[in-house]
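Here the structure is laid out as structure tokens; the discussion comes afterwards.
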Ligand code: SF4
């Protein structure tokens, strides 16, 4: 072998050994329930995809989630109350007015919303995430919360515009337990909102007694690992009840079509890194849209969908892209997550730190 080639191979081997050594150190740290720094998360996000090191990270995240969440598979039904031209024009959103997909305001009738909620409760939903567009009347969201609270016992989570502490308290009074809110990737560039405003809302959520639910979103191939890791650490530091990864969906006509989308393998790797960063702060770990790969990488929470969705050109995403409750159960079940257990998300109990609880999954896979 020529000397130069031999030296190159030796250097490459040394780099691989160093990479594996550092990965193993970070995995050990995470399994001891210590969160990772932004730089450590970036290191893991930059490992070669499909390398053994990435599978080790996914395995560690899987172990953490199976043990912390007691093998519970969660389903929180998203219900979008209205589909209409939203004047805020976030560039990744199908409801943006300037895209022209929705020209008139559709508000789903109360009876329809109630029926979705009743059906979801009958199918064992763990939460109901009630979403509105950014310009939807706040009072109407409160009314919907009060109406649902009178008929279903599934905990309610609001997903709407930025709020104040007073508005957070009004949501609590109306029956909401949580509030989904995210500092978006590309905030201020792809949206008209500032990071500071989002952070103020997260403080208001915590101060008003609502649980803060989060996801790193909407992830596309154009986002740097640094900005993704930054939001992971933000979720940990502000103690999100759950976080996770949602990839950006390029609906037909999306301004992001030219960038493509991340694939489920990349989504699963990010899911795993996010789970390690969240350490003992979270009570579940979400992924969207529902997929099996993330369920092997620390994900245990799906959002089936009804009503409007910022990822769909159909007004009622239940007849479009949105996954059904049944589909979500099937995916969770195939990956050995038990949907019949009680939710961990709305419970004040600290999460467990025990050995993986795969007994049921193992039992069902053994020959009789
Ligand atoms: S993401 Fe929300 S605020 Fe932004 S355009 Fe869509 S509905 Fe409006």
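The values are calculated or read from the model by the stated rules, or taken from the named source; none is laboratory data. Worth saying up front: this structure is predicted, and the values here are computed from it rather than measured. Neighbour counts are summed over all protein chains in view; Cβ atoms, including those assigned to glycine, are modelled from backbone coordinates with ideal geometry.
Of the numbered conditions (1) within 13 Å of the ligand (Cβ to nearest atom); (2) within 25 Å of residue 291 (Cα to Cα); (3) free of Cβ contacts under 8 Å to residues at least 40 places away in the same chain, residue 122 satisfies every one except a single condition; which is it?
For residue 122, the failing item is (1).
Determine whether the stretch 134-150 contains at least one residue that is more than 17 Å from residue 81 (Cα to Cα) and not in a strand (DSSP E or B).
yes
Among the residues of the stretch 236-263, count how many are surrounded by fewer than 17 Cβ atoms within 10 Å (Cβ to Cβ), in a helix (DSSP H, G or I) and either free of Cβ contacts under 8 Å to residues at least 24 places away in the same chain or within 15 Å of the chain's Cα centre (by Cα) (or both).
3
For the condition in a helix (DSSP H, G or I), on the phi < 0 side of the Ramachandran plot and either surrounded by 16 or more Cβ atoms within 10 Å (Cβ to Cβ) or touching a strand residue (DSSP E or B) at 6+ places or on another chain (Cβ under 8 Å) (or both), what is the one hit in 154, 113?
113
Would you confirm whether or not the stretch 126-136 contains a residue that is more than 15 Å from the ligand (Cβ to nearest atom) and in contact (Cβ under 8 Å) with a residue 60 or more places away in the chain?
The answer is yes; a qualifying residue exists.
Quick one: count up the residues across the stretch 331-368 that are closer than 15 Å to residue 74 by Cβ and modelled with pLDDT of 95 or more.
15
Suppose the filter is away from the ligand (no atom under 16 Å from the Cβ), modelled with pLDDT of 95 or more and within 20 Å of residue 238 (Cα to Cα); does residue 183 pass it?
No: the conditions fail for residue 183.
When only residues in the stretch 81-97 that are more than 6 Å from the ligand (Cβ to nearest atom) and under 21 Å from the mean Cα position of the chain (by Cα) count, which is surrounded by the fewest Cβ atoms within 10 Å (Cβ to Cβ)?
Looking at the filtered set, the residue picked out is 91.
Per-residue answers, yes or no, for (1) within 16 Å of the ligand (Cβ to nearest atom); (2) in contact (Cβ under 8 Å) with a residue 24 or more places away in the chain; (3) more than 23 Å from residue 250 (Cβ to Cβ); (4) part of a helix (DSSP H, G or I):
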{"residue": "41", "(1), (2), (3), (4)": "no, yes, yes, yes"}
{"residue": "48", "(1), (2), (3), (4)": "no, no, yes, no"}
{"residue": "70", "(1), (2), (3), (4)": "no, yes, yes, no"}
{"residue": "103", "(1), (2), (3), (4)": "yes, no, no, no"}
